[in-house]
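> I am attaching a structure below and will ask some questions about it afterwards.
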Amino acid sequence: MTAQNAIARKAITGARIFDGQTWHAGKALLVEDGIVSGIVGHGGLPENTELVDVNGQLLVPGFIDLQVNGGGGVMLNHRQDVDGIRTICAAHARFGTTALLPTLITDTFDIRQRTVEAGLQAKAQRVPGFLGLHLEGPHLSVARKGAHDPALIRPMDAADLEALLACKGAFDAMMITVAPENTTVEQVASLSAAGFIISIGHTDTGYATVAAYADAGARTVTHLFNAMSPLGHREPGVVGAALDRGDLYAGIIADGFHVDPVSMGVALRAKAGPGRIFIVTDAMSTIGSDQTGFMLNGRDIFRKDGRLTLADGTLAGADIDMLSSVHFAHEKLGLPLDEAIRMASAYPADAMRIEARKGRLLPGLDADFVILTETLDMVSTWIGGACVFEA
Ligand SMILES: [Zn+2]
């Protein structure tokens, strides 16, 4: 065996390891060529293994964030190049995120095409943490526009569909948020069949329509409760459909401002499976930066007391990172730590159908993990067995 091969095998020791299902004490995470090869007792370590002692901390699956508009002072809507994507991924790695979908908020056809080009470059350059893209809009409902510019919201036409289908297979994962008001069930069926994860969001539609779109292949619901028809007593709305349909997954923003903790708890208890509710940050450029505000589609967004708002008070994305969201789910919602971590790792992987590669620390999966203190403070972030951030 050459020295190089020896270095390619690492054992991360001295941590309590959560593999996404079970905690393991007194064992090591064995990593070969960036892939988990097992969780083994110290007697079971092969020769020529580099030992990395993390000194009595927690080792948990890296966080997967399917909705990230920006970070490190960069908004994807403002900057479509590989360095912008690299900055966003690096900003979120500081908070335990090991895979994310840079997310384009409603914008023009040209900006969307430039975003796809930048994403292709990020993939070619293997930017650490870049998983694929999330296109949130522009085919949404003006009635539930949130912070999206209504002047840019429009129906999906044949050119849009063709441009989207041209991205088939281009990324490890790609999510597209659409509203039935501006996207046909046939369009959703053809995009789903092509492997895109279609998410229903920013829509005022009712239960029956969501059910029809889910039947056509829609897989997730975008930021549950926000910018959608609520659960009513005679019309279950998008919220009711998301909870009732076991085949739907749903993202949720866990900052305590977008959704009241009581409503989050009710939703978590009511959710029919196997689909699950997973955490997204919906983070903007402010994460990992000292920005006090920024612009979006020519409008001012203000940052204050953990919120981001337009001048009229409309929430405009979130000012929260993934680790803080896990804290919130564990401490404010009272979820067991295992479950809070799964909502940020295993469940988004399942939702994106990448569970054979990411989301858990099982043999054959990417060695993407986070080292945390016992009080859940950041120690380090690892992507593909390489440390990308140390606190
Ligand atoms: Zn949104």
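> For the stretch 276-285, indicate whether the set of residues that are in contact with a Leu (Cβ under 9 Å, 6 or more places away or on another chain) and free of Cβ contacts under 8 Å to residues at least 40 places away in the same chain is non-empty.
No - not one qualifying residue is present in the stretch 276-285.
> Just one of 76, 45, 58 is touching a residue at least 12 places away in the same chain (Cβ under 8 Å), within 30 Å of residue 105 (Cβ to Cβ) and touching a strand residue (DSSP E or B) at 6+ places or on another chain (Cβ under 7 Å); which is it?
The conditions single out 76.
> Now for a different question. Of everything in the stretch 170-223, what is in a helix (DSSP H, G or I), within 16 Å of the ligand (Cβ to nearest atom) and acidic (Asp, Glu)? Give them in sequence order.
181
> Please list, ordered by residue number, the strands (runs of 3 or more DSSP E) wholly in the stretch 32-126 having 1 or more residues that are within 16 Å of the ligand (Cβ to nearest atom) and under 25 Å from residue 252 (Cβ atoms).
Passing ranges, in order: 63-68, 97-105.
> Still on this structure, please answer the following. Kindly indicate whether residue 143 is within 16 Å of the ligand (Cβ to nearest atom) and part of a helix (DSSP H, G or I).
Judged against the criteria, residue 143 is a match.
> Tell me which residues, restricted to the stretch 237-265, are out of contact with any helix residue (DSSP H, G or I) (no Cβ under 9 Å at 6 or more places or on another chain) and within 22 Å of residue 208 (Cα to Cα).
The answer is 246, and nothing else.
> Check 74, 31 and return the single one that is surrounded by 23 or more Cβ atoms within 10 Å (Cβ to Cβ), assigned by TED's automatic domain parsing to the domain that holds residue 251, of a type in the set (Val, Ile, Thr) and in contact with a Gly (Cβ under 6 Å, 6 or more places away or on another chain).
Result: 74 is the single residue among 74, 31 that is surrounded by 23 or more Cβ atoms within 10 Å (Cβ to Cβ), assigned by TED's automatic domain parsing to the domain that holds residue 251, of a type in the set (Val, Ile, Thr) and in contact with a Gly (Cβ under 6 Å, 6 or more places away or on another chain).
> Follow-up. Somewhere in the stretch 341-354, is a residue in a loop (DSSP other than H, G, I, E, B), of a type outside the set (S, T, N, Q), in contact (Cβ under 8 Å) with a residue 12 or more places away in the chain and surrounded by fewer than 24 Cβ atoms within 10 Å (Cβ to Cβ)?
Yes, some residue in the stretch 341-354 is in a loop (DSSP other than H, G, I, E, B), of a type outside the set (S, T, N, Q), in contact (Cβ under 8 Å) with a residue 12 or more places away in the chain and surrounded by fewer than 24 Cβ atoms within 10 Å (Cβ to Cβ).
> Still on this model: Can we say residue 301 is in the same structural domain as residue 144 (by TED's automatic domain parsing), touching a Phe, Trp or Tyr at 6+ places or on another chain (Cβ under 6 Å), within 16 Å of the ligand (Cβ to nearest atom) and over 25 Å from residue 196 (Cβ atoms)?
It is true that residue 301 is in the same structural domain as residue 144 (by TED's automatic domain parsing), touching a Phe, Trp or Tyr at 6+ places or on another chain (Cβ under 6 Å), within 16 Å of the ligand (Cβ to nearest atom) and over 25 Å from residue 196 (Cβ atoms).
> Quick one: residue 183 ticks every box in (1) surrounded by fewer than 24 Cβ atoms within 10 Å (Cβ to Cβ); (2) among the polar types (S, T, N, Q); (3) over 22 Å from the mean Cα position of the chain (by Cα) except a single one, so which number is it?
(1)
> Look through the stretch 304-324, keep the residues that are away from the ligand (no atom under 16 Å from the Cβ) and charged (D, E, K, R), and return whichever of them is nearest to residue 148 (Cα to Cα).
Selected residue: 312.
> I would also like to ask the following. May I ask you to say which residue of 266, 280, 259, 239 is surrounded by fewer than 21 Cβ atoms within 10 Å (Cβ to Cβ), within 16 Å of the ligand (Cβ to nearest atom) and aliphatic (A, V, I, L, M)?
Of 266, 280, 259, 239, the one residue that is surrounded by fewer than 21 Cβ atoms within 10 Å (Cβ to Cβ), within 16 Å of the ligand (Cβ to nearest atom) and aliphatic (A, V, I, L, M) is 259.
> Among the listed residues 49, 13, identify the single one that is in contact with a His (Cβ under 8 Å, 6 or more places away or on another chain) and among the hydroxyl-bearing types (Ser, Thr, Tyr).
Selected residue: 13, the only one of 49, 13 that is in contact with a His (Cβ under 8 Å, 6 or more places away or on another chain) and among the hydroxyl-bearing types (Ser, Thr, Tyr).
> Among the numbered criteria (1) in a loop (DSSP other than H, G, I, E, B); (2) without any contact (Cβ under 8 Å) to a residue 40 or more places away in the chain; (3) closer than 23 Å to residue 118 by Cα, which one does residue 167 miss?
Unmet condition: (2).
The values are calculated or read from the model by the stated rules, or taken from the named source; none is laboratory data. From a predicted model like this one, the values you see are computed outputs, not experimental measurements. Glycine gets a Cβ as well: all are built from the backbone with ideal geometry, and neighbour counts include every protein chain shown.
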